[in-house]
Amino acid sequence: MVTESPTVVLGAGLCGLSAAYHLQQQHADFIVLERETKAGGLARTESSDGFSFDHSIHILYTRDAYVTRLICDDLLADNIGRQLRQSYCHSEGVYTEYPYQTNQYGLSTETIVDNLLGLIAAKAAARDAPLHFEDWIYRTFGSGIADRFMIPYNRRQWAWDLKDMNFDWIADRVPMPELRDVLVGALSPPARKHGPNQEFWYPLEGGIEALPRAFIRHIAPERVVTGSRVTAIDCARREVVVDSGKRVRFERIISTLPLPVTVRLMGAAAPEDIVRRAAALKHNVVHTVNVGFELDGTDNSHEMHWAYYPEEDLIFHRASFPGAFSSWMTPTNCGSVQVEISESVHRPLDRTTLVHRALKDLRRVGIITARNRVRTTGIVTLDPAYVIYDLQHRENTRVIRDYLYDAGIDSRGRFGEWEYFNMDQAILSGKSAAEAVL
């Protein structure tokens, strides 16, 4: 059976839904094919025993005026709460406010002095171009901050050799330290926050999945077909093949599928060089262990949104607290935490022990105690999770996407562009793809 649709959108994550939303606004003819039984992609929320957990931590923030209006006025409207970030870094057995480099008050005098001297030396050194991500960290922060926090934390988050990573993706993601701010943050408690996500938004109800659900309400139901896994893209016939055997003839494809997957779907039609470059793209896997527990009256984890852990002897590198984002996420008199654990070819893990090790380490750092009765545990695996910016990343993604575009496929979004996108960037990517079609 063959049907026709001028524009076929592959994937109903935020980028695909944004493309569909903007096509719908212009009354365009399109169809969205999604392999899962519901839309949302990574922006998913699962509930069990009264506890709700997103698929890893998600928050909303942007500097783009259009995305602000779209999310706050058109999509979430009365279902959005604005919050001032409460995030911390755990080291030397204490929590200091994030970011580590500008909030060292509370650390030992020896640590603060060594960190400051390292930063001053780095700022005074010759400004040659860094060779890789690890080199960039040392040149930007100095040896003290690098060795105590930035290097070990990033090794754990990425689960990759930092010398095999570029640094051109950083932009606003890592607050760059001004010496004055570092000195003030070492001598006194935090007086102001740093970084682009110092204020963020989160749905009052429904978890982060409230956002894709809001998109869906603005898209004609017949336009989004779930439970439809694409098995092939036949560019010669201009047809997408679905696992049901159905074929959809297209003029253009907006693909939000992972870039290597899109190439594989082309089969033997993809040139050898494109196949080789796609196979060279790298990513890691993130396991999120979810824990719901009863409060004992002394718990204060709800005062944190999330915290970073650079210590190698802990299984997780970040912990977040869903109940701090919205009280809807936890039952009365209960708390919850989700911890993230990265895996890759450089850091293989025994997946059968992750929940046990996470619970053990949550007790070690005092997030849960023997008095907190654990009510529920679970694990969600994101694969792929973070794309790895290896030293060939830019060249490989550019060549692959240019080839696909000439073949009628506009590859977009976090995994379609193989970029470390926030949710606002994924939304803007879908909007841009729709505008290109129109």
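Miscellaneous remarks
- Qualifying residue in the stretch 335-342 (condition: within 30 Å of residue 201 (Cβ to Cβ), open to solvent by less than 10 Å² (accessible area, probe 1.4 Å), aliphatic (A, V, I, L, M) and in a loop (DSSP other than H, G, I, E, B)): no
- Residue in the stretch 365-378 that is within 20 Å of residue 157 (Cα to Cα), open to solvent by 20 Å² or more (accessible area, probe 1.4 Å) and among the charged types (D, E, K, R) present: no
- In the stretch 33-43 there is no residue that is assigned to a strand (DSSP E or B) and surrounded by fewer than 19 Cβ atoms within 10 Å (Cβ to Cβ).
- Within the stretch 377-411, tally of residues that are more than 16 Å from residue 283 (Cα to Cα), in contact with a strand residue (DSSP E or B) (Cβ under 6 Å, 6 or more places away or on another chain) and either part of a loop (DSSP other than H, G, I, E, B) or of a type outside the set (D, E, K, R) (or both): 8
- Within the stretch 343-364, if we keep just the residues that are free of Cβ contacts under 8 Å to residues at least 40 places away in the same chain and not basic (Lys, Arg), the residue that is surrounded by the most Cβ atoms within 10 Å (Cβ to Cβ) turns out to be 356.
- Counting residues in the stretch 45-52 that are within 24 Å of residue 155 (Cβ to Cβ), touching a residue at least 12 places away in the same chain (Cβ under 8 Å) and open to solvent by 10 Å² or more (accessible area, probe 1.4 Å) gives zero.
- Hits in the stretch 18-43 - residues which are touching a Pro at 6+ places or on another chain (Cβ under 8 Å) and under 30 Å from residue 291 (Cα atoms): 39, 40, 41, 43
- So residue 69, is it within 25 Å of the chain's Cα centre (by Cα), part of a strand (DSSP E or B), surrounded by fewer than 19 Cβ atoms within 10 Å (Cβ to Cβ) and of a type in the set (Lys, Arg): no
- Residues being under 21 Å from the mean Cα position of the chain (by Cα) and surrounded by 21 or more Cβ atoms within 10 Å (Cβ to Cβ) - total across the stretch 261-277: 1
The values are calculated or read from the model by the stated rules, or taken from the named source; none is laboratory data. In this text, all values refer to a predicted model and were calculated from it rather than measured experimentally. Backbone-built Cβ (ideal geometry, glycine too); neighbour counts: all protein chains shown. To get the accessible areas, we keep the full protein, side chains included, count just its heavy atoms, and leave off ligands, DNA and RNA. Shrake-Rupley method; radii C 1.70, N 1.55, O 1.52, S 1.80 Å.
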